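**Student:** So that we are looking at the same thing, I have put the structure below in structure tokens.
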Amino acid sequence: MIRFDDVSVRYEGAAASPALTGVDLTVPEGELCLLVGPSGVGKSTLLGTVSGLVPHFTGGTLRGRVTVAGRDTRTHKPRELADVVGTVGQDPLAHFVTDTVEDELAYGMESLGLAPAVMRRRVEETLDLLGLAALRDRPIATLSGGQQQRVAIGSVLTPHPRVLVLDEPTSALDPAAAEEVLAVLQRLVHDLGTTVLMAEHRLERVVHYADQVILLPAPGAPPVTGGPAEIMAVSPVTPPVVSLGRLAGWSPLPLSVRDARRMAGPLRERLAGLTPEPHPGADSVPAPRPAAGGTVPDSAPDVAPGAGTATAPAAEVSRLSVRRGRTEVLRRIGLTVRPGETVALMGRNGAGKSTLLNTLAGLHRPAAGTAVVGGVVPHRTPPRDLIRRVGLVPQEPRDLLYADTVAAECAAADGDADAEPGSCRALVTALLPDVSDTTHPRDLSEGQRLALALAVVLTARPPLLLLDEPTRGLDYAAKSRLVEILRGLAADGHAVLLATHDVELVAELAHRVVILADGELVADGPTAEVVTASPAFSPQVSKILAPQAWLTVSEVRNALSAASPQAASQAPSRTEAAR
């Protein structure tokens, strides 16, 4: 169905090495093919060659030949492939044409001239498949990021294309919604013979569904193809289930929790009597050093009583309610985040997580109750003052980026934060070692743009850091670097509040977990207690080794090393590739 013949892509003005080189492979009809590799290796470029967006829309020079259902994408523009290929990019907002959910689902079919009766039936089918029926009349602009992502996927399903090209399709979805979307894709592959080519960093969600895996190991390197277990054995990016299998020496490597549980008996015996290193909970946050900017000047507006002390909360919310239009998005929320604490906000799409973060950043005015950050009321505080107390990295990192180069973004961030020159660039280097100063932010991958936006916000070292889906688009190595940076900030007394669907990140990083549902707080407690209480939020290691209390591969590795250093040293070195 899809064939690459010695394909390479080079962008004018980009680095000396091409974005893609030596791509020579075939994706058969009716298979789900998973594209994996570190951030910035060309995954989005490869997907773009299938839809014709590369080079017709993005520019650049494409050499070789890409054919889809016999059509050459060099001679067929994207509109001439629309009846065959459906594409959803990393940014769903860039995908939308209409204003409401139902209109967006119908738009692609209208463009192809399908009969009204057919359009109506397919819209209803897609609303049910993706759990969007309750949102059919909602304006797209009022939806959460995850809901928008489901609408974007639904809009390319309704025309019934023979090929689906998906770039990070589950990155903004909660675990239950991601399972629903992947089940739909699997049904299309198995029942209708649809060909799916998908790039995804959250391999723990998708690798066991794949028929074939394409690995792009490094920028400009030719791809490696094979079965999922075969590629996972050599891949630099692997999900926790595979990392645990490498550590335990299992063969063949398991790809799903079910397969791993069947092999985990001997490992459970080795771990019997051992306990994980204490996972920090809400009552065990170390006494932090005062964070920079943690005191409040006398002239600060709306300063709360007692603010400015090292023991004052970084953020305090009491009986908070927020309305957006006629909808009450948050209802009577109470939450305290202390200096040195990392708190994860979890819950299904549309639960109110982003609204809570935006309220603490001063973007929403409470309808009732109070929100206090660093001793001030956010929505009444001038932005120039508020930036010293709270920093927000939104779901769409491009909202923070406006310069023409990475170097210019870093220089502007240093100036805005009154930081030493080079401070932002050092953070960018820590997160993105291979990004040059002259790169334009729009030429970065979604994950790289997010890392750059994070560095821009961190430059001011705000006492409270708010992160909305901070691992969206990040590979496991970049995620590991992010964890280390956030741990260092917490140790220095900064508070971190992150909204995320990434249960593996939460298991590694968070002291506490707060779960929201329909705008209400339904759980708040230490990470180990909250995430293991619900299958939807449990990390893979917890599911595999239950009823033993393990959350991450690193916990298991450290316990085995402490119990038997010699045995641990004989484990394959590739176990360090992912957590």
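The values are calculated or read from the model by the stated rules, or taken from the named source; none is laboratory data. Given the structure is predicted, the values throughout are model-derived calculations rather than measurements. Neighbour counts are summed over all protein chains in view; Cβ atoms, including those assigned to glycine, are modelled from backbone coordinates with ideal geometry. The protein model used for the area step is the full one, side chains on, heavy atoms only, and it has no ligands, DNA or RNA in it. Shrake-Rupley method; radii C 1.70, N 1.55, O 1.52, S 1.80 Å.
**Student:** Tell me which of these A178 doesn't satisfy, since it passes every other one: (1) in a loop (DSSP other than H, G, I, E, B); (2) modelled with pLDDT under 90; (3) crowded, with 20+ Cβ neighbours inside 10 Å.
**Tutor:** Result: A178 passes all but (1).
**Student:** Filter the stretch 144-202 for residues that are touching a residue at least 40 places away in the same chain (Cβ under 8 Å) and of a type in the set (S, T, Y) and give the result.
**Tutor:** S144, S155, T158, S171, T194, T195, listed by residue number.
**Student:** If you don't mind, there's one more thing I want to ask. I'm trying to understand the selection: among the residues of the stretch 442-474, which are hydroxyl-bearing (S, T, Y) and either in contact with a His (Cβ under 7 Å, 6 or more places away or on another chain) or modelled with pLDDT of 85 or more (or both)?
**Tutor:** Our first condition is that a residue be hydroxyl-bearing (S, T, Y); within the stretch 442-474, this holds for 445, 459, 471.
Correct list: T459, T471.
**Student:** Quick one: in the stretch 74-104, of everything that is in contact with a His (Cβ under 8 Å, 6 or more places away or on another chain) and either modelled with pLDDT of 95 or more or not in a helix (DSSP H, G or I) (or both), which residue is farthest from T194 (Cα to Cα)?
**Tutor:** K77
**Student:** Have a look at L127, L143 and point out the one that is closer than 26 Å to M198 by Cα, at pLDDT 90 or above and within 25 Å of the chain's Cα centre (by Cα). Spell out how you get there, then give the answer.
**Tutor:** Values: L143 fails: at pLDDT 90 or above.
Result: L127 is the single residue among L127, L143 that is closer than 26 Å to M198 by Cα, at pLDDT 90 or above and within 25 Å of the chain's Cα centre (by Cα).
**Student:** Considering only the stretch 436-463, state which residues are over 13 Å from C424 (Cα atoms) and of a type in the set (A, V, I, L, M). Give the derivation first.
**Tutor:** Our first condition is that a residue be over 13 Å from C424 (Cα atoms); within the stretch 436-463, this holds for 436, 438-450, 462-463.
Of everything in the stretch 436-463, those that are over 13 Å from C424 (Cα atoms) and of a type in the set (A, V, I, L, M) turn out to be L444, L450.
**Student:** Counting only residues that are free of Cβ contacts under 8 Å to residues at least 24 places away in the same chain and open to solvent by less than 70 Å² (accessible area, probe 1.4 Å), how many does the stretch 56-96 have?
**Tutor:** As a first pass, look at the stretch 56-96 and keep what is free of Cβ contacts under 8 Å to residues at least 24 places away in the same chain: 56-57, 70-72, 74-75, 79, 94.
Cutting the leftovers down to open to solvent by less than 70 Å² (accessible area, probe 1.4 Å) gives us 70-72.
Residues in the stretch 56-96 being free of Cβ contacts under 8 Å to residues at least 24 places away in the same chain and open to solvent by less than 70 Å² (accessible area, probe 1.4 Å): 3 in total.
**Student:** Let me ask something else. Residues to consider are D518, D502; find the one that is surrounded by fewer than 17 Cβ atoms within 10 Å (Cβ to Cβ) and in contact (Cβ under 8 Å) with a residue 12 or more places away in the chain.
**Tutor:** D518
**Student:** Residues of the stretch 6-29 being open to solvent by 40 Å² or more (accessible area, probe 1.4 Å) and of a type outside the set (A, V, I, L, M, F, W, C), which ones?
**Tutor:** Across the stretch 6-29, the qualifying residues are D6, R10, Y11, E12, G13, S17, T21, D24, T26, P28, E29.
**Student:** Continuing with this model, one more query. Among P161, P169, P139, which is at negative phi and open to solvent by 20 Å² or more (accessible area, probe 1.4 Å)?
**Tutor:** Details: P161 fails: open to solvent by 20 Å² or more (accessible area, probe 1.4 Å); P169 fails: open to solvent by 20 Å² or more (accessible area, probe 1.4 Å).
From the options P161, P169, P139, the qualifying one is P139.
**Student:** Further question: Given A567, A491, which one is at pLDDT below 95, surrounded by fewer than 17 Cβ atoms within 10 Å (Cβ to Cβ) and closer than 22 Å to G391 by Cβ?
**Tutor:** On the way: A567 fails: closer than 22 Å to G391 by Cβ.
Of the residues listed, the single one that is at pLDDT below 95, surrounded by fewer than 17 Cβ atoms within 10 Å (Cβ to Cβ) and closer than 22 Å to G391 by Cβ is A491.
**Student:** Among the residues of the stretch 51-67, what is the count of those that are on the phi > 0 side of the Ramachandran plot and either outside any loop (DSSP other than H, G, I, E, B) or at pLDDT below 90 (or both)?
**Tutor:** Start the filter on the stretch 51-67 by keeping residues that are on the phi > 0 side of the Ramachandran plot, which leaves 52, 59-60, 64.
Then drop every residue that is not either outside any loop (DSSP other than H, G, I, E, B) or at pLDDT below 90 (or both), which leaves 59-60, 64.
Summing the residues that are on the phi > 0 side of the Ramachandran plot and either outside any loop (DSSP other than H, G, I, E, B) or at pLDDT below 90 (or both) in the stretch 51-67 gives 3.
**Student:** Taking E200 as meeting all but one of (1) under 21 Å from A546 (Cα atoms); (2) in contact with a helix residue (DSSP H, G or I) (Cβ under 8 Å, 6 or more places away or on another chain); (3) among the acidic types (D, E), write down the number of the exception.
**Tutor:** Going through the list (1) under 21 Å from A546 (Cα atoms); (2) in contact with a helix residue (DSSP H, G or I) (Cβ under 8 Å, 6 or more places away or on another chain); (3) among the acidic types (D, E), E200 breaks only (1).
**Student:** Quick check on the stretch 374-406: of everything there that is more than 20 Å from L330 (Cβ to Cβ) and of a type in the set (K, R), which residue is most open to solvent (accessible area, probe 1.4 Å)?
**Tutor:** R384
**Student:** Anything in the stretch 458-479 that is over 21 Å from E204 (Cα atoms) and part of a helix (DSSP H, G or I)? List them, or say none.
**Tutor:** Residues of the stretch 458-479 that are over 21 Å from E204 (Cα atoms), as a first pass: 458-467.
Hit for the stretch 458-479 is L458, nothing else.
**Student:** Which one of these does V237 not meet: (1) hydrophobic (A, V, I, L, M, F, W, C); (2) closer than 24 Å to E508 by Cα; (3) surrounded by fewer than 18 Cβ atoms within 10 Å (Cβ to Cβ)?
**Tutor:** The number of the failed condition is (3).
**Student:** Follow-up. Can you say whether R323 is outside any loop (DSSP other than H, G, I, E, B), out of contact with any Leu (no Cβ under 9 Å at 6 or more places or on another chain) and not hydrophobic (A, V, I, L, M, F, W, C), as far as the supplied structure shows?
**Tutor:** Numbers: outside any loop (DSSP other than H, G, I, E, B): yes; out of contact with any Leu (no Cβ under 9 Å at 6 or more places or on another chain): no; not hydrophobic (A, V, I, L, M, F, W, C): yes.
No, not satisfied.
**Student:** Can I ask one more? Mind checking which residues of the stretch 530-544 are open to solvent by 10 Å² or more (accessible area, probe 1.4 Å), closer than 21 Å to R268 by Cβ and either touching a residue at least 60 places away in the same chain (Cβ under 8 Å) or in contact with a Cys (Cβ under 7 Å, 6 or more places away or on another chain) (or both)?
**Tutor:** If the condition is that a residue be open to solvent by 10 Å² or more (accessible area, probe 1.4 Å), closer than 21 Å to R268 by Cβ and either touching a residue at least 60 places away in the same chain (Cβ under 8 Å) or in contact with a Cys (Cβ under 7 Å, 6 or more places away or on another chain) (or both), then Q540, K543 are the ones that fit.
**Student:** With L53, L47, L32 as the choices, which residue is under 19 Å from E446 (Cα atoms), of a type in the set (A, V, I, L, M, F, W, C) and surrounded by 22 or more Cβ atoms within 10 Å (Cβ to Cβ)? Can you show your working first?
**Tutor:** On the way: L53 fails: surrounded by 22 or more Cβ atoms within 10 Å (Cβ to Cβ); L32 fails: under 19 Å from E446 (Cα atoms).
The unique qualifying residue is L47.
**Student:** Between residues in the stretch 112-127 that are open to solvent by 50 Å² or more (accessible area, probe 1.4 Å) and residues that are modelled with pLDDT of 95 or more, which pairs lie under 7 Å by C-beta distance while being six or more apart or on different chains?
**Tutor:** none
**Student:** Which one is modelled with the lowest pLDDT, of the residues in the stretch 325-373 that are open to solvent by 50 Å² or more (accessible area, probe 1.4 Å) and hydroxyl-bearing (S, T, Y)? Steps first, answer last, please.
**Tutor:** Taking the stretch 325-373 first, the residues open to solvent by 50 Å² or more (accessible area, probe 1.4 Å) are 325-328, 331-332, 336, 338, 348, 363, 365, 367, 370.
Now drop any that are not hydroxyl-bearing (S, T, Y), which leaves 327, 336, 370.
Numbers: T327: 86, T336: 96, T370: 95.
Checked the stretch 325-373; the qualifying residue modelled with the lowest pLDDT is T327.
**Student:** Does P28 qualify as being over 27 Å from the mean Cα position of the chain (by Cα), over 22 Å from Y476 (Cβ atoms) and in contact (Cβ under 8 Å) with a residue 12 or more places away in the chain?
**Tutor:** Working: over 27 Å from the mean Cα position of the chain (by Cα): yes; over 22 Å from Y476 (Cβ atoms): yes; in contact (Cβ under 8 Å) with a residue 12 or more places away in the chain: yes.
Yes; evaluated as a whole, the condition is true for this residue.
**Student:** Can you pull out the residues in the stretch 156-197 that are of a type in the set (A, V, I, L, M) and over 23 Å from R121 (Cβ atoms)? Break it down into steps so the answer makes sense when it comes.
**Tutor:** Initial filter on the stretch 156-197 (of a type in the set (A, V, I, L, M)): 156-157, 163-166, 172-173, 176-178, 181-185, 188-189, 192, 196-197.
Residues satisfying the conditions are V165, L166, A172, L173, A176, A177, A178, L182, L197.
**Student:** Now, a different point. Among the numbered criteria (1) without any contact (Cβ under 8 Å) to a residue 60 or more places away in the chain; (2) outside any loop (DSSP other than H, G, I, E, B), which one does P366 miss?
**Tutor:** Checking P366 against (1) without any contact (Cβ under 8 Å) to a residue 60 or more places away in the chain; (2) outside any loop (DSSP other than H, G, I, E, B), the one that fails is (2).
**Student:** Could you please find all residues in the stretch 545-558 being under 21 Å from E179 (Cβ atoms) and open to solvent by 30 Å² or more (accessible area, probe 1.4 Å)?
**Tutor:** A546
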